[in-house]
Amino acid sequence: MTSAISQSCLCRVLVSGRSRTIAGAIRSPANFQQIRYLRQHQEKTVRAMYWRGRSFDRVKLEENFQRSRLSEWNYRSEIFAFSRRLHENLSEDTLRQIFTHPSYAKLVQANQAKLNLPHLEIKTNVELCHSGRQLLDDNIRPYLRYVFSRVPEDGIDQITQYLTSDETLADMAKWIGCKEIVLTDEYPPNQEAMANTVRALVGGIHSEEPTKVYRFIVDMIISYLNDKDILEDVWIIPNPQETLNLILANSQLPAYEPRIMFQTGVGTLESCHVVGLYSNQKLIGSSAGETLAIAEHCAALESLRNLFDLTDDRPALIFGEASEKLNLDSCKKPNPCVKTWTFELNELQ
């Protein structure tokens, strides 16, 4: 009788211990492991994709491979397709002149002289490049003065220089497919050659279709200002606090007064200070920063954005057919510069 009771108690202990173990396993998600299963008919496909990817990784493509070395390369077809991509009906002679740089002409003439062949006259893009440089300046400035009517002429100059710089124009030339069809004495063509190609393209469009050059400049070059913070990416003001006080002095207003609007985490690694700039008891701009000096600097930039109407909620730039309807006759006169720029406090929202 005693042995039966002891066996019964032992069974209860074992069962209870087992149940606790199972319950603990259910409560603990760390004891479970996710396993990915593949259907049997997918195995061959997955294996083939894996090994094909490994084989592609072993292939080393030649860096800066020149497509014109291919046997099926057709230069006439390439420049024709380039013209159609841009929706410009340029003649073949004009297209060849646009892409021919003086260095390429010198290289061809030197090779001709080595072979005792007659001197070959090649038209280069020097004149078109000079014409395009002037056209860019004449068309970009009035448009910028129209869409950025409150920006001083100093800012218009900086934005124009950004849009007509070699870096911007060379980047544009790369994305419209000029790299393979530019004719220079080296490959890949350098940044200056790519930028001069775009300038020559503007001059070439004006020589054959003068009415289309403005639309091309607006849609293809000025569009680089999209998603750009003008005072951060384009027009870099070295000392915004000093510039802001100069404008306030021109407007017969007292210098700005910085005030702490909010603080959190003071004395920690993640401190945040919100500083507002006031003039004549009116808030001009505010911004946050890790320190009071950084917050004041950012607040001065934000104040200039408010004064120059360069905030994120400003009207969008005008492109396409709508840009051709703009009246830019009144925008040929330069805007006031920073030294003489003024405003009224009631103009701020």
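Values quoted throughout were computed directly from the atomic coordinates according to the rules given, and no laboratory measurement underlies them. Just so it is clear, the structure is predicted and the values come from calculations on it, not from any experiment. Cβ atoms come from the backbone with ideal geometry, glycine included; neighbour counts cover every protein chain shown.
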query = Which residue, 295, 48, 170, has the most motion in a Gaussian network model of the chain that connects Cα atoms within less than 10 Å?
reply = 48
key: Per-residue Cβ neighbour rank within 10 angstrom, fewest leading, 71, 286, 77   = 71, 77, 286
ask   = In the Gaussian network model of the chain, springs joining C-alpha atoms below 10 Å, which of 43, 121, 324 carries the largest mean-square fluctuation?
value = 43
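Per DSSP helix of 4 or more residues, -39500 (n - 2.57); summed, then divided by the residues of the chain. What does that give at 222 nm, rounded to the nearest 500?
Here the helix-only value at 222 nm equals -16000 deg cm²/dmol.
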key: Packing-based exposure ordering (other Cβ within 10 Å, fewest first) of 60, 106   = 60, 106
remark   = Helix 191-208: inclination vs the chain longest Cα principal axis, degrees, rounded to 10, gives 50 degrees
Cα Rg, Dmax (largest Cα-Cα span) when computed across the chain, Å = 33.9, 127
query = How fast does the stretch 75-188 diffuse by Stokes-Einstein, in µm²/s, taking the Kirkwood radius from C-alpha pairs at 20 °C and 1.002 mPa s?
reply = 130 µm²/s
task = Mind giving me the nanometre distance, one decimal, between the label points for residue 180 and residue 316, set 7 Å out from Cα along Cα→Cβ?
result = 3.3 nm
ask   = Among 268, 164, 291, what is the fewest-to-most ranking by other Cβ atoms within 10 Å?
value = 268, 291, 164
request  = Report, in degrees rounded to the nearest 10, the 0 to 90 angle that the Cα long axis of helix 126-147 makes with the longest principal axis of the chain.
outcome  = 60 degrees
query = Given the pairs 228/333; 228/339; 179/212; 60/114; 179/333; 60/174, which span a C-alpha to C-alpha distance of over 28 angstrom in this model?
reply = 60/114; 179/333
ask   = With each pseudo-label sitting 7 Å past Cα toward Cβ, what's the residue 134-residue 89 distance in nm, one decimal?
value = 2.7 nm
ask   = What whole number of Å gives the distance from the Cα centroid of the stretch 100-126 to the Cα centroid of the stretch 184-207?
value = 18 Å
message = Once you place label points 7 Å from the Cα toward the Cβ at residue 55 and residue 70, how far apart are they in nm?
response = 2.1 nm
task = Subtracting the Cα-Cα distance from 0.36 nm times the residue separation, let me have the gained length for residue 324 to residue 342 in nm, one decimal.
result = 3.4 nm
ask   = So what does log10 I(q)/I(0) come out to for the stretch 120-260 at q = 0.21 Å⁻¹, using the Debye formula with one equal point on every Cα and no solvent?
value = -1.30
message = Compute the angle between helix 292-308 and the longest alpha-carbon principal axis of the chain, please, reported from 0 to 90 degrees and rounded to the nearest 10.
response = 50 degrees
ask   = In whole percent, what relative contact order does the stretch 64-226 give with Cα contacts below 8 Å and a gap of six or more residues?
value = 31 percent
ask   = In percent, how large is the relative contact order of the chain, given Cα pairs closer than 8 Å and 6 or more residues apart?
value = 16 percent
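Per residue, how much space in cubic angstrom lies within the convex hull of the C-alpha atoms of the stretch 248-349?
Convex hull of Cα atoms, per residue: 139 Å³.
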